[in-house]
Structures are given as C-alpha cells and as structure tokens.
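Asker: Quick one: the structure is below, questions incoming.
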C-alpha cells in the first residue's frame, strides 16, 4: 500500500492505534471512509489518537481507548493485576505467551458472561471480580506448561486470589476513608 493513515483506513474494518498521544492523529473523515460498523481502538495515553465519541460520531460502531475514565478501556491494567497474582500464587518461573493468552481468554469470558454491549466490550477496572479469575486462568496455564514450583486446583487458586484481592481492596478503601492516602483526580476528555 502506498500512502498514509487515510489510505490505510479506507475501507478497513478495524483500526488499532497505539502510536502517540493525540488528539486528531486520526481524523473523523478517515473513520467515515472505513467499512460500515468499523471498530476503532485509539489507545495512546493520556490522549487517544481520536476521542472515542468522535470516532463513533464519524461512523465507528465500537470505539475504545486506553483510558479508564472512558468506556471500553483497552489497557494492560485489566490484565496485569491478575497475571501477576496468578504467577505469584504458583511461583511461576516466568510469564509466558500462553499465560497471557489464558488471561485474555478469561477477560473475554467474563465480558461475555456479564453481557457484551458496544460500550462495554471488556470488563471495567471497577469489576474487580475479573482479577481473581484472570489470576486462576494464568496460574493454570503456567502449571500446564510446567513453569511452576507448586500444583494447585483452579478452585483453590480462585478462592485465594479472591480473598487476597478483596482484602487489599478493603485495606486501600479504609486508608482512603481515613485520609491516609488520596485518590488521584479523575481525568476527563476535554470538550471539543
């Protein structure tokens, strides 16, 4: 193909961008030239290549970004807490591609079970119940590859991860309520 972003997107079904903070690196007219019901992942942080609402206004059926304050966050923060918990719980020697794939499948499974919507294609960070499931899936994949120092059942891994994550969340919330730690300010998309 010869050309730039505009030519690459013409007629495309999907745009996956992890380039440089925008906005306006991807233009609405380029989204309009994509196939109908296009999917746009504009994942640069802190400002996506195109704001998801602008992508939808231009014709994208599904739009996602890397930001937690916008619908459809596509970001490593959805996977890593569970991946690390699972690796630690079975004392995995490394994190393999198969472990990451197991985590991705569990994220997708959780999203399907709670009901997919165009503005909720993945769990949100507030749906903390996904993290123990990702941890258990990751740990099971590590065991299947022989990367672990221990062997555990999925049920025991899930129960332990739920307990540890719940306790950590409760402790953090107590510290916030006591004023010991403060939450960062919520960023929001600037008005156009």
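Asker: So which of 66, 59 ends up being within 30 Å of residue 157 (Cβ to Cβ) and either modelled with pLDDT of 95 or more or touching a strand residue (DSSP E or B) at 6+ places or on another chain (Cβ under 8 Å) (or both)?
Answerer: Details: 59 fails: within 30 Å of residue 157 (Cβ to Cβ).
Going through 66, 59 in turn, just one is within 30 Å of residue 157 (Cβ to Cβ) and either modelled with pLDDT of 95 or more or touching a strand residue (DSSP E or B) at 6+ places or on another chain (Cβ under 8 Å) (or both): 66.
Asker: Could you list, in sequence order, the residues of segment 167-187 that are under 20 Å from the mean Cα position of the chain (by Cα) and closer than 24 Å to residue 134 by Cβ?
Answerer: Hits for segment 167-187 are 169, 184.
Asker: For the structure I just gave you, tell me whether residue 157 is touching a helix residue (DSSP H, G or I) at 6+ places or on another chain (Cβ under 6 Å), buried (at least 19 other Cβ atoms within 10 Å of the Cβ) and assigned to a loop (DSSP other than H, G, I, E, B).
Answerer: No.
Asker: Now for a different question. Could you count how many residues in segment 34-78 are in contact with a helix residue (DSSP H, G or I) (Cβ under 9 Å, 6 or more places away or on another chain) and assigned to a strand (DSSP E or B)?
Answerer: 6
Asker: May I pose another question? If you check residue 82 against the conditions, is it under 17 Å from residue 122 (Cα atoms) and assigned by TED's automatic domain parsing to the domain that holds residue 128?
Answerer: yes
Asker: I've got another one for you. Looking only at segment 65-80, decide whether some residue is surrounded by 15 or more Cβ atoms within 10 Å (Cβ to Cβ), under 26 Å from residue 130 (Cα atoms) and more than 20 Å from the chain's Cα centre (by Cα). Break it down stepwise before answering.
Answerer: Residues of segment 65-80 that are surrounded by 15 or more Cβ atoms within 10 Å (Cβ to Cβ), as a first pass: 65-68, 70-75, 78-80.
Okay, now just the ones that are also under 26 Å from residue 130 (Cα atoms), so 65-68, 70-75, 78-80.
Subsequent filtering for residues that are more than 20 Å from the chain's Cα centre (by Cα) retains none.
Checked segment 65-80: no residue is surrounded by 15 or more Cβ atoms within 10 Å (Cβ to Cβ), under 26 Å from residue 130 (Cα atoms) and more than 20 Å from the chain's Cα centre (by Cα).
Asker: Residue 191 - would you say it is more than 30 Å from residue 59 (Cβ to Cβ), assigned to a loop (DSSP other than H, G, I, E, B), over 20 Å from the mean Cα position of the chain (by Cα) and modelled with pLDDT under 95?
Answerer: no
Asker: Let me ask something else about it. Please state which of the following conditions residue 112 fails to meet, knowing it meets all the rest: (1) more than 18 Å from the chain's Cα centre (by Cα); (2) in a helix (DSSP H, G or I); (3) without any contact (Cβ under 8 Å) to a residue 40 or more places away in the chain.
Answerer: (1)
Asker: So is residue 165 modelled with pLDDT under 95, exposed (fewer than 15 other Cβ atoms within 10 Å of the Cβ) and in contact with a helix residue (DSSP H, G or I) (Cβ under 7 Å, 6 or more places away or on another chain) or not? Spell out the reasoning first.
Answerer: Working: modelled with pLDDT under 95: yes; exposed (fewer than 15 other Cβ atoms within 10 Å of the Cβ): no; in contact with a helix residue (DSSP H, G or I) (Cβ under 7 Å, 6 or more places away or on another chain): yes.
No: the conditions fail for residue 165.
The values are calculated or read from the model by the stated rules, or taken from the named source; none is laboratory data. Values in this document were obtained by computation on a predicted structure and should not be read as measured data. No Cβ is skipped: glycine too gets one built from the backbone with ideal geometry, and neighbour counts run over all protein chains shown.
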